Number of protein chains: 2
Amino acid sequence: MLDVPGEILEPLARSPVARDVAHRAGVSTATVSRVLNGSAGVRADKREAVMRAAQDLGFVANGAARALSTRRFMAVGAVVPNIENEAFVRVLSSFQERLRQAGYTLVAANAGYDLEDELREATFLLERGVDGLMLVGDIHHPDLHTRIARHGIPMVQTFSLSRERPCVGFDNAASAARAANYLVDLGHRRIGVISGLRKDNDRGGARVTGIAQALAARGLRLAPEHDIEISYGIGGGRDGFRQMLAGGPPPTAIICGTDQIAFGAMIEARARGLDVPGDLSVIGHNDSDFAPFLDPALTTIRIHSAEIGHAAGDHLIARMQGRPVVRLTQIDAELILRASTAPPRKQALD
Amino acid sequence: MLDVPGEILEPLARSPVARDVAHRAGVSTATVSRVLNGSAGVRADKREAVMRAAQDLGFVANGAARALSTRRFMAVGAVVPNIENEAFVRVLSSFQERLRQAGYTLVAANAGYDLEDELREATFLLERGVDGLMLVGDIHHPDLHTRIARHGIPMVQTFSLSRERPCVGFDNAASAARAANYLVDLGHRRIGVISGLRKDNDRGGARVTGIAQALAARGLRLAPEHDIEISYGIGGGRDGFRQMLAGGPPPTAIICGTDQIAFGAMIEARARGLDVPGDLSVIGHNDSDFAPFLDPALTTIRIHSAEIGHAAGDHLIARMQGRPVVRLTQIDAELILRASTAPPRKQALD
DNA sequence: TGGCTATCTGAAAGCGCTTTCAAAATAGTC
DNA sequence: GACTATTTTGAAAGCGCTTTCAGATAGCCA
């Protein structure tokens, strides 16, 4: 890093307030407020005058004053585990889209898969006065809901379903189970899982559970040495698959917690001379941009992130406006079949 | 999407305010404020009492009231072209990290590579009362700077250098030129470029210019048919390279605007039976997570996004606190050599 | 103990907007 | 033209916090 010396910069001037506009237009601030908020009952000529005055002065209402006065901040918060994760970014993006249309601002924060941190960030947002809050998953710090309740604002959870709380998501166990069943149908018998960290992460946990149960229902089992938990990312996927190979006879198929992990596993498999899908079928999660372009193209569980974001936005907006709303919105994930899955080779089956 | 009927939810209760705390602690709101803001000059026993009362009541200061009173919102805005773009997400993430430490909240918005939209989003943030603003690049709507100035808040631009305005970035032309020179040094003579959309995008434009100039300085030229502009993404890269092949003798090396584009170009090249790097050397931009894992591993220009975000954060914080600051911070990009670049085959050189 | 600082503390005045309430202006009626 | 029903309007009271200013307390020294 290199700092290039340059002119030193300085600040400020007083920006116009409602009284200035009122003066210029020859009315009271009450009327200015009425005009600017579109309330009815202002004579056309005064309305005109106010509009022009505001325009001339470049008046912009002070958000804090307005918020203080109306008791609404017109902002909603969102706390996601990892703001650099594609799926969360997509949700945030679509969530924001909706909020923006309704005049709300999105304030997002990062919790890094840690309950304490999540609580801290959420509290920070609450202090800011957000009018609503979006969270990811159904596992949170025990104090979190109390604090949210104390602020009396609506909250919605995303990505997973919840028994008690408002949520927009999908059945992680069921969709992962579907992937497992698909593999079993193809003829696979030894199926492994590489997931991200599962601590305090109901999505990851549910997926593995779903797979284990699906296998059990078909008379198979998820061997402990084929149930790997690693940190996210391509590197994690490589490590995970390496670990799996170290534990006895390799699986003929694996289901991964993200497409990045799947990508990593495929790389490691290839480095070990295994053919995908010949020797190893691979399924990812999320349907990332690159998934169709991998070689072979990656079979993956597509999560409709944009729809989740939209639905979560709609839910929160409705509640903030006092409209009734259903507690649970389910948006199903979808298994996208591509070239990384195939029946196992005969000799691998014994 | 499926809506499952559920209980209908409802709201509210009054949250405690400073006066409540004052009452409970037997002091005035002035003292409460002093304690909660850590101002000196409050006797220990009263301080204790206030702390406990606040704790018991679960008091959280109303952000709007505080903002109104202090004239500082403790929030800064950021408008980026595409919130789903890896490089921008990284910058936002590190930017936020710094802000958060200093007690500021980040409010981010999406402009989608459109000047009008950028103006709209920035105005929205300005209305919100942000205390500072981060933008990307040096090309903006003519009205934007006027509006920012009217609010009297500091602004910093990122990713590119600017002649007039505060900025944290790197010399896009120079770093792209370095990549071009490297290719020429390897022996390449026909070098192509696939960039993202260049309209209103000084980064993309500068990179191409830098490459063209570097080539010119070595007695070569960037042929128009080898100068391709496409929309971002892997698909864009494929299309771009296809277009390039349609335009006469193919280049022996290409420089791409992002790693995604490079990835797409590599896929297309392989689909055409070209070997990378044997028949085609490829250089990307950004050093994405997947770059080292592509086959072959991608040579790329690493942009130190995290440092840019940190520096931009530091810059804004300093100015918001009235401290002097240098106008321009340069953070150099770096050419990361991997396996996707090599000398051209002899027969390709004529 | 009295007198004089040095500390602490609370009353009160904003911050800039919205909104209520009653007065002023206008319109409508007979 | 007097009188009532409507609209329009502005004065003023908050919203909940910070901060100034002056008064109350405590601390010290003679």
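Figures for the structure shown
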| read-out | value |
| --- | --- |
| Subset of region A:268-290 [within 17 Å of B:Ala297 (Cα to Cα) and open to solvent by less than 30 Å² (accessible area, probe 1.4 Å)] | A:Glu268, A:Ala269, A:Phe290 |
| The one condition in (1) open to solvent by 10 Å² or more (accessible area, probe 1.4 Å); (2) modelled with pLDDT of 95 or more; (3) within 11 Å of another protein chain (Cβ to nearest Cβ) that B:Cys167 fails to fulfil | (1) |
| Matching entry among B:Ala253, B:Ala265 (being on the phi < 0 side of the Ramachandran plot and in contact with a Cys (Cβ under 9 Å, 6 or more places away or on another chain)) | B:Ala265 |
| Among (1) free of Cβ contacts under 8 Å to residues at least 60 places away in the same chain; (2) surrounded by fewer than 23 Cβ atoms within 10 Å (Cβ to Cβ), the one test that B:Asp200 misses | (1) |
| Any pair with Cβ under 7 angstrom, 6 or more apart, that starts in region B:177-194 at a residue that is closer than 13 Å to B:Gly210 by Cα and ends at one that is polar (S, T, N, Q) | B:Ala177/B:Gln213 |
| Yes/no for B:Phe88 being open to solvent by less than 50 Å² (accessible area, probe 1.4 Å) and either in contact (Cβ under 8 Å) with a residue 40 or more places away in the chain or not assigned by TED's automatic domain parsing to the domain that holds B:Ala311 (or both) | yes |
| Any hit, region A:252-263, residues being open to solvent by 40 Å² or more (accessible area, probe 1.4 Å) and among the charged types (D, E, K, R) | no |
| When residues of region B:137-147 are limited to those that are in contact with a helix residue (DSSP H, G or I) (Cβ under 7 Å, 6 or more places away or on another chain) and open to solvent by 10 Å² or more (accessible area, probe 1.4 Å), the one nearest to the other protein chains (Cβ to nearest Cβ) | B:Arg147 |
| Close pairs (7 angstrom Cβ cut-off, 6 or more residues apart or separate chains): within 14 Å of another protein chain (Cβ to nearest Cβ) in region A:35-47, more than 8 Å from DNA strand C (Cβ to nearest atom) and open to solvent by less than 70 Å² (accessible area, probe 1.4 Å) anywhere | A:Leu36/A:Ala54 |
| Selected residue (criterion: nearest to B:His285 (Cα to Cα)) from residues of region B:328-350 that are within 7 Å of chain A (Cβ to nearest Cβ) and crowded, with 19+ Cβ neighbours inside 10 Å | B:Ile331 |
| Qualifying helices (runs of 4 or more DSSP H) (wholly inside region A:38-147; at least 1 residues being more than 16 Å from DNA strand C (Cβ to nearest atom)) | A:44-57, A:86-101, A:115-128 |
| Some residue of region A:170-192 being within 11 Å of chain B (Cβ to nearest Cβ), of a type outside the set (Phe, Trp, Tyr) and either surrounded by 24 or more Cβ atoms within 10 Å (Cβ to Cβ) or under 30 Å from A:Ala339 (Cα atoms) (or both) | yes |
| Residues of region A:320-342 satisfying the condition of being of a type in the set (D, E, K, R) and either within 16 Å of A:Ser93 (Cβ to Cβ) or touching a strand residue (DSSP E or B) at 6+ places or on another chain (Cβ under 7 Å) (or both) | A:Asp332, A:Glu334, A:Arg338 |
| Any chance B:Ser162 is polar (S, T, N, Q), closer than 30 Å to B:Ala214 by Cβ and within 13 Å of chain A (Cβ to nearest Cβ) | yes |
| Subset of region A:12-33 that is more than 7 Å from DNA strand D (Cβ to nearest atom) and of a type outside the set (A, V, I, L, M) - its residue that is surrounded by the fewest Cβ atoms within 10 Å (Cβ to Cβ) | A:Arg14 |
| Given (1) within 9 Å of chain B (Cβ to nearest Cβ); (2) crowded, with 21+ Cβ neighbours inside 10 Å, index of the condition A:Gly152 fails | (2) |
| Residues within region B:72-119 that are facing chain A (nearest Cβ under 8 Å), more than 19 Å from B:Arg302 (Cα to Cα) and of a type in the set (Gly, Ala, Ser), tallied | 3 |
| Residues of region A:217-241 satisfying the condition of being open to solvent by 50 Å² or more (accessible area, probe 1.4 Å) and either in contact with a His (Cβ under 8 Å, 6 or more places away or on another chain) or within 14 Å of chain B (Cβ to nearest Cβ) (or both) | A:Ser231, A:Tyr232, A:Arg238, A:Asp239 |
| Filtered residues of region B:52-71 (kept if more than 8 Å from every other protein chain (Cβ to nearest Cβ), within 14 Å of DNA strand D (Cβ to nearest atom) and surrounded by fewer than 17 Cβ atoms within 10 Å (Cβ to Cβ)) | B:Ser69, B:Thr70, B:Arg71 |
| Residue within region A:16-27 that is at pLDDT below 90, outside any helix (DSSP H, G or I) and near DNA strand C (Cβ under 9 Å from one of its atoms) present | yes |
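The values are calculated or read from the model by the stated rules, or taken from the named source; none is laboratory data. Note that the structure is a prediction, hence the values are computed from the model and not measured. Every residue, glycine as well, gets a Cβ built from its backbone with ideal geometry; the counts of neighbours run over all protein chains shown. Protein only, heavy atoms only, side chains kept; ligands, DNA and RNA dropped before computing areas. Shrake-Rupley method; radii C 1.70, N 1.55, O 1.52, S 1.80 Å.
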